[in-house]
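Read the structure below first, then the notes.
Values in this text are rule-based calculations from the coordinates and carry no lab data. Source: prediction; values computed, not measured. Here the Cβ is made from the backbone with ideal geometry for all residues, glycine too, and neighbour counts use every protein chain on show.
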Amino acid sequence: MIYLKRLFNKSKPNQVEYVEASKPDIRVQENFDVKSLSKDKVKEILESQLSTQYTESEQNHNIISEEIRQVNTIREIDDRIKQLEFFLEIANHGLYLQVMNNYDKFVNGMENIQLISNLLSTSKLLSQKSRSDISSLQTSLLAKTLKLVYLSKKKSKLRGLIEELDHFGEICFSTSLSIKQAIKEGNLYKALELCNEASEKLKTVDVSKYEGLKSIQATSDKKRGKVYLKMKEGLRQLCQRFEMNLYENVLLAYTTTATFAEVNLAIHTEFMNSITRIIKQALEQALANEASALSVESMTNLLNSTNYLTALRLMLRDLTNLMYNHHLISRWHEENDQAYKNEVYPVTHLYIKDENRLNSVIEFYSAVKLDLLRNRKHIWEKMQQRLAKFINEGNQILSLKINEIGQALGWLNTFIQIGEDFSGTPSSELKKAIEKKCVDYFNFFHQKTWNNLSNLLEAEQWSRLPIPKDFDISQEIYKWINDSTTILKALCDHFDEYNFTFSSIARGNPFDIREDLNNEDEADKDYLFSKSEESQLSSPGLQLSENAPVLCIAALNFIKAIGSYLQLMAILTPISFEVFLALSQMVEYFSFSIYEMFSNEGSKGLLQAEVSWRGLQGEDLESSYDTFLFQKKYKNLSTSMVRIKDFLDSMNSEGKYNMSPLKKQITQTSAGLYNIAETIIAIESLKNILHATHIGENYMKKVIPESQMNYVFIFFDNTHKIIEELENFLAETQIPRLIKPDWLNGIVTGLKWDENKNESNAFIDRLLHIVEDTKGRLVAIGGGSIPVYLQNKILTKAVKYLYDYLIDVFSKVKKCNSAGREQMQIDLLAFQEGLKEFFPEAPNLDAQLEYITIWSQSPDNVVKWILSHTELSLRLHKLLFSTSPQVMSLNKQTRAQLLLSIETHYKETIE
């Protein structure tokens, strides 16, 4: 609208005048090319076709109202809209032409402005460069002028300076010679003082400006470096061997260059580094320098058992020497602190004359002394760490013999005493490593010993080994332990304080002299199952001695092993109780092997059977009570064998231990049980093994902690009972096979027991003949290997068995009167009297005679006697009750009540 207003440039009318728009030529409008119109043509068309009201912005509302009044139909509206759109297109084209005409002028103007701006910038740069060149030229001219003035003035001064520098060089050269001489004499303090003086003189000259002085500065630095190197070398020498003058010289030198903390760190660091160096040097020497380029771990793995001990000894020797030198340094401080003023610190007094300086240096020494004492703890900890690592990494210790492991642990025992006295602190880390290796070594040793013993048991023939007359089990054990045996108390913490003072090292390093590891006697000791000694004891020239101990081959070798175990208790003190525990397990294994091989299945089954009285009566109750008596008699044996079997089963499951004797029992049982001689030899061998172990009881009190000794006492007490019960248990199987008394049943029950013949029956003579024959057989049995005292012991058991067997047979006699009972007494006494002719030690018959005589007493006495003798079979008591004439005189109901009371009492006994 504004454009139209400008286009027509007409004044605003007072009112709206309606002019009817002429109808455009539609045809011309449709074919007309608007873009081809010029600006003037646009104005002409718009003026001719539109009302003047379109050029007035104030007439917008009137134009709209007028346009609405002029149209009446939809078609007219569409036509009018098309006309107006056509005019709008023409107006836009006119506007475009006007804008484009002005734009060309604007672009040309901007190009001219940019060109002018570029010309101005170039002029500015040229102007600035000209000014800078002029300023630089002025500055350069001024500097050259001033330099010429300066050089002219300095020329005269340089001539005098050159003369002074030449003189200074001569002084420095002289000082250098003095430093060199002081270093050569070991006077480090003087050398450092000279170095300090030279440094102060050099500070007066700017050395960097003069080539001639650079060599002097380099020489000064080099000399100072040599002094520092000598100070460090001096500390290293002090770690190897203490010298008073050297130490004071080094310490005095440090006072000129370092603070107290730095000096303390230098001394402590050198001692700590020496520990690592000693470990490596010991390994190199042990390997004859063949592997010096390798790491400590690699060299440790290359060691064998021999050079392992060499390396360990060298380490302990040099580490002990290191501690002793540290101790001497501390003692030097103490001695000088306690000496008179004019006698202390001679080197220091020689070179320091100023009283204030001297007091400060002595105060410095005192501070060093206190830190030396504090650092002992750290030095000992570092030694423990390195030794513990060496011990843990190597397995060579497992292949050492007993005397070798004893020597190695003896060294460590001494070293721990030295270290703990040196530091005043415990050796927890080192002891822990030693204990671990003790466990590893003993497990390996115990497994080997166990398997050797097991192999011997498997091959054992249970024949008595010929023993020399002078052979004594006690002496055999005392070969291993005696009052001079060293107990390594320092390896663990459960011993009392051991007496040791560090100053005792002044008499000599305990690791300087190397013990002979190839001592033949000691090597023989370590061989637990010595074939040479076994063959010597078994040679045909030796006779079976009556007084010599009864031993089989396995038992003899076991006794040798016991000596080794006792010795190991003193050597492996961290696990001394575990060593005894392992030994006790081997004793139990030996006893269990005898139990398994010599017992029949029926007796073992009876021993493990469950006993219950509930709901039982009659013969079932009698059988259960017999089982109860049997198990009560061998209660310790039964409990122990079950426990040992469970333990052996657990060990067998690990696969480390040989259990072949337990397998052998199956084959032996199928082929028939062992005879009485083999049984005796087995039991006596077991007794002698326990005796050999028991010999060391007092010795064990010294090496085993008191809190654990109670187990030792219980073991000896229980094992003694177990062996005694095992002996009786096996005798119950062997004696019936030896005597074979079954024929007696038919003869005794077939006789009439209604009269007193005043003489014994014929079967008594036969029994006496059997006993006498048995005695002769015991002499010959086993090739005469059974001593007389053991023959008598077996014969006594056989006689007691016959006593009980006679009572059992007599109790089965159903028809018997008082005369018959008297005849039974006559037979028993005649049997006892007849035994005395060839067996004076025959046991008494009191219990058996009492059983015979009680038969005739009143019912109350019979019942009372039965109730008080629960050690006898219930079957015997019931036979006594049912055959007693006084009891049988009672009515049936009374007898039933009394019998019920007896059974009830025995049921309660079982419970």
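For this structure, a couple of remarks:
- Available extension along the chain between Arg643 and Leu142 is 168.9 nm, counting 0.36 nm per residue and deducting the alpha carbon span.
- For the range 747-845, the list of chymotrypsin sites (Phe, Trp or Tyr not before Pro) that fall in a loop by DSSP and count at most 14 other C-beta atoms within 10 angstrom reads Phe838.
- Neighbours of Met315 by Cβ distance under 12 Å: Lys/Arg scored +1, Asp/Glu scored -1, total +4.
- Note on the range 737-816: Cα convex hull, mean projected area over all directions, 5.8 nm².
- Expressed in Å, the radius of gyration and Dmax of the Cα atoms of the range 685-805 are 21.6, 71.
- Qualifying trypsin sites (Lys or Arg not before Pro) in the range 808-877, DSSP loop, other Cβ atoms within 10 Å at most 12: Lys814, Lys815, Lys836
- For Asn102 and Glu335, the difference between the fully extended length at 0.36 nm per residue and the C-alpha to C-alpha distance is 72.4 nm.
- His378/Gln447 FRET efficiency (R0 35 Å; Cβ-Cβ; nearest 0.05): 0.30
- Computed over the range 725-862, the P(r) curve from all C-alpha pair distances, binned at 10 Å from the origin, holds 11, 41, 32, 14, 3, 0 percent per bin.
- Förster-model FRET efficiency, 25 Å R0, Leu95 and Arg69, C-beta, rounded to 0.05: 0.30
- The listed peptides 78-89, 368-379, ordered by packing as a protection proxy, come out as 368-379, 78-89 (highest mean of other Cβ atoms within 10 Å first).
- The GluC sites (Glu not before Pro) of the range 738-834 that meet both conditions, a loop assignment by DSSP and at most 15 other Cβ atoms within 10 Å of the site Cβ, are Glu755, Glu759.
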